[in-house]
Amino acid sequence: MIHHGSEGGLGPANVGTEAFDGFVEYVMTPYFSWLPGSLVAWAAAHDVVEFVGGLFLAAGFLTRFVAVSLSGTMLSAVYFHLASTGLEGFPLGHVKNYSYNFEEPALYLGIFIFFVFSGAGPFSVDSLLRKDK
């Protein structure tokens with residue numbers, strides 16, 4: 001997720017870069033124009049959640065909260081792919097790129113939901129901070 005949250009630069013929410021502006025123009029504007037407020041702010045929030053959330057999840061820090069947040073971004077990604085390309089003949093269709101466009105974000109969504117319920121493992125920051133050892 002970290003690389004998805006750093007569109008157009010090394011850190012999150014690189015507003016003004018070609019990659020970030022392209023995300024706003026070609027993804028946010030046609031498919032998420034119903035969101036209240038600035039689409040640039042929503043895109044920046046998306047980038048921050050995926051960048052910082054990816055780092056925190058890898059470290060096992062605030063795991064459940066981060067997993068819920070990342071699940072939200074993946075739910076949005078599944079919606080985007082289904083709205084832009086449809087089901088593509090799912091479940092038995094043969095697509096050119098050998099996978100349905102919504103397949104990867106749906107897989108990530110399942111993984112993040114797993115972490116929502118399971119929490120962090122024994123070798124995590126959450127485990128180190130837990131007081132009931």
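Values in this text are rule-based calculations from the coordinates and carry no lab data. Since the structure is predicted, the reported quantities are computational estimates derived from the model, not experimental observations. Cβ atoms come from the backbone with ideal geometry, glycine included; neighbour counts cover every protein chain shown.
Within region 2-10, does at least one residue satisfy the condition of being part of a helix (DSSP H, G or I) and free of Cβ contacts under 8 Å to residues at least 12 places away in the same chain? Don't jump to the end; show me each part of the working.
First pass over region 2-10, keeping only residues part of a helix (DSSP H, G or I): 4-6.
Then keep just the ones that are free of Cβ contacts under 8 Å to residues at least 12 places away in the same chain; that gives none.
Taking every residue of region 2-10 in turn, none turns out to be part of a helix (DSSP H, G or I) and free of Cβ contacts under 8 Å to residues at least 12 places away in the same chain.
Filter region 1-24 down to the residues that are acidic (Asp, Glu) and either surrounded by 12 or more Cβ atoms within 10 Å (Cβ to Cβ) or touching a helix residue (DSSP H, G or I) at 6+ places or on another chain (Cβ under 7 Å) (or both) and list them by number. Can you show your working first?
Filtering region 1-24 for residues acidic (Asp, Glu) gives 7, 18, 21.
Residues satisfying the conditions are Glu7, Asp21.
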